[in-house]
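Student: Mind looking over this structure? Questions follow.
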Amino acid sequence: MTDVTSSSQTPPKGRHGSLMTVDARTRKRNAAEKRFRSYGLAAISAGVLCLVALLWAILSNGLPAYKQAVVELEFNLSQEDFDSAEKALLKTSVYTKHFITGLSANLEARGVEASFDKKAVDRLLGKVGGELRAFYRENQDKLGQPVIFEVPAASRVDRYLKGTFTRDNVSEDGTRFFQQSDFDLVDAMVQAGLIRQAFNWNFITGVDSGVDNPGGAGIGASVLGSFMMMIVVLVLSLPIGVAASIYLEEFAPKNRLTDLIEVNISNLAAVPSIVFGILGLAVFIQFAGLPQSAPLVGGLVLTLMTLPTIIISTRASLKSVPPSIRDAALGVGASRMQAVFHHVLPLAAPGILTGTIIGLAQALGETAPLLLIGMVGFVARYPDSFLSGFEGPNSAMPAQIYNWASRSDAVFTEKAWGGIIILLVFLLSMNLIAILLRRRFERRW
């Protein structure tokens, strides 16, 4: 009897050859797997590339909205000049003359020559006389002292400094908004160092200025309107959605009625948002008589749109809790309600919170329902009080962005891109909060 080593054994041969050799079918299968992986990597790369291109377009077009050209010059108004201006009939005109005198003195002190008149100052800086008067009326202790006075430049001056508005955009005769000679005055102020780019806080905290003043437009009032609508949505959709989900998942009998309700909830989640806007216009405004363009009405409409999303995500969270939790609670004598509220619901809370925040983020970016209830038909303003802000007319960030994008002036388009950045910051923040809450309260089984 002889020993046979393993190296002398030959691999068994199957029907189609040896299992240790790579045949044509195996090579074909491996090639198909490599192609599938390549397709997946190509799809991911294309998605990332599109995302980078989108972010680049948003940032490159929106970041200029956060900068504004500001004219900064040293000004000295005496007590005598202030008293004479206040006694004049046309007070702002007198202050404008003082401003022109101060601007000429600043240019001459820096060795720059420029000729201009009151109309040129009005075109480049707006009604600067009123701003100068308001400054010295509030700060009379500054009279007779040199102060640095700042005034925002007109939108066309801002665009000229950013390179989006050139001399070719203005004819030789010019318009009532800008003349060819105005470019020379701007160049002179730039040479003298009287114009600089400053952060535009007014864009974040200000209000819409209407179609005649694109440079002074701000999104602050619209941010407050969106915040008030989200309060209404959260207060209504969270308890209603969670209560409906608990009943359907834990207590409702399984029959045709509950099956019909579940199907309708799933269908409502796929209904276009403009349908909810039509429903809100008909029910809340025309039938119930609630005020048009109010954040309260907008919140009610968005609540109807958000409820299906919250119900579906909450039911999925309740289903993810193991049945053994319910059985153990019932086994030690807990009632059905105690088992749900003391054991199942706390374990499902991370998913419920995540679904709620995602639903709120979806509602925050909706525009079509707000257009139908009239949240773009006026210039948004800050409310007199917090409670009156729910009933008074206001706008929202998506509606304000749509309003700016529909206007012809290029400055409003720039403002629309800047508003998109703020909206994305809110959406990313809400999604980040949802992720943190899930990781904070999630329990792994």
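The values are calculated or read from the model by the stated rules, or taken from the named source; none is laboratory data. The structure displayed is predicted, hence computed values, not measured ones. When we count neighbours, we look across all protein chains shown, and the Cβ atoms used for this are built from the backbone with ideal geometry, even at glycine.
Student: Of everything in segment 245-261 that's of a type in the set (D, E, K, R) and surrounded by fewer than 17 Cβ atoms within 10 Å (Cβ to Cβ), which residue is farthest from residue 348 (Cα to Cα)?
Tutor: It comes out as 256.
Student: Still on this model: Step by step: first the residues of segment 56-86, then only those that are out of contact with any helix residue (DSSP H, G or I) (no Cβ under 9 Å at 6 or more places or on another chain) and part of a helix (DSSP H, G or I), then the one that is nearest to residue 420 (Cα to Cα). Which residue is that?
Tutor: The qualifying residue nearest to residue 420 (Cα to Cα) is 56.
Student: Where in segment 362-417 are there helices (runs of 4 or more DSSP H), lying fully within it, with 1 or more residues that are under 19 Å from residue 299 (Cβ atoms) and under 12 Å from the mean Cα position of the chain (by Cα)?
Tutor: Fully inside segment 362-417 and qualifying: 397-405.
Student: Which pairs turn up if I take residues in segment 174-198 that are free of Cβ contacts under 8 Å to residues at least 40 places away in the same chain and look for partners that are in a loop (DSSP other than H, G, I, E, B) with beta carbon separation below 8 Å, at least 6 apart in sequence or on another chain?
Tutor: 180/170; 180/172; 180/174; 183/170
Student: Any idea which of (1) farther than 17 Å from residue 357 by Cα; (2) part of a helix (DSSP H, G or I); (3) touching a Pro at 6+ places or on another chain (Cβ under 7 Å) is the one residue 326 doesn't satisfy?
Tutor: The number of the failed condition is (3).
Student: While we're looking at this one, here's another question. If we keep just the residues of segment 141-172 that are aliphatic (A, V, I, L, M) and assigned to a loop (DSSP other than H, G, I, E, B), which is surrounded by the most Cβ atoms within 10 Å (Cβ to Cβ)?
Tutor: 154
Student: Whether any residue in segment 58-74 is within 26 Å of residue 412 (Cβ to Cβ), out of contact with any Gly (no Cβ under 8 Å at 6 or more places or on another chain) and loosely packed, with under 11 Cβ neighbours inside 10 Å is what I want to check.
Tutor: Checking segment 58-74: at least one residue is within 26 Å of residue 412 (Cβ to Cβ), out of contact with any Gly (no Cβ under 8 Å at 6 or more places or on another chain) and loosely packed, with under 11 Cβ neighbours inside 10 Å.
Student: Right, next: Give the number of residues within segment 284-319 that are in a loop (DSSP other than H, G, I, E, B) and crowded, with 21+ Cβ neighbours inside 10 Å.
Tutor: 2
Student: Still on this structure: Residues being assigned to a loop (DSSP other than H, G, I, E, B), buried (at least 16 other Cβ atoms within 10 Å of the Cβ) and not β-branched (Val, Ile, Thr): count how many of those fall in segment 173-208.
Tutor: Number of matching residues: 6.
Student: Provide a single number: the residues in segment 403-425 that are over 14 Å from residue 217 (Cα atoms) and modelled with pLDDT of 90 or more.
Tutor: Qualifying residue count for the region: 6.
Student: Starting from residues that are out of contact with any Pro (no Cβ under 8 Å at 6 or more places or on another chain) and of a type in the set (Phe, Trp, Tyr), keep the ones in segment 74-127 and report whichever is modelled with the lowest pLDDT.
Tutor: 116
Student: Would you be able to say whether some residue in segment 215-237 is under 30 Å from residue 67 (Cβ atoms), more than 18 Å from the chain's Cα centre (by Cα), assigned to a helix (DSSP H, G or I) and in contact (Cβ under 8 Å) with a residue 60 or more places away in the chain?
Tutor: Yes; the residues of segment 215-237 include at least one that is under 30 Å from residue 67 (Cβ atoms), more than 18 Å from the chain's Cα centre (by Cα), assigned to a helix (DSSP H, G or I) and in contact (Cβ under 8 Å) with a residue 60 or more places away in the chain.
Student: Would you confirm whether or not segment 262-269 contains a residue that is assigned by TED's automatic domain parsing to the domain that holds residue 398, in contact with a Ser or Thr (Cβ under 8 Å, 6 or more places away or on another chain), farther than 20 Å from residue 393 by Cβ and in a helix (DSSP H, G or I)?
Tutor: Yes.
Student: Counting only residues that are among the polar types (S, T, N, Q) and farther than 17 Å from residue 72 by Cα, how many does segment 137-167 have?
Tutor: 4
Student: Being touching a strand residue (DSSP E or B) at 6+ places or on another chain (Cβ under 9 Å) and in a helix (DSSP H, G or I) is the filter here, so list the residues in segment 123-135 that pass it.
Tutor: 124, 125, 128, 131, 132, 135
Student: Of the conditions (1) touching a residue at least 40 places away in the same chain (Cβ under 8 Å); (2) in a loop (DSSP other than H, G, I, E, B), residue 253 fails just one. Which one is it?
Tutor: Looking at each condition in turn, residue 253 falls short on (1).
Student: OK, next. Which ones in segment 327-354 are without any contact (Cβ under 8 Å) to a residue 40 or more places away in the chain, at negative phi and more than 42 Å from the chain's Cα centre (by Cα)?
Tutor: 327, 328, 329, 330, 331, 332, 334, 335
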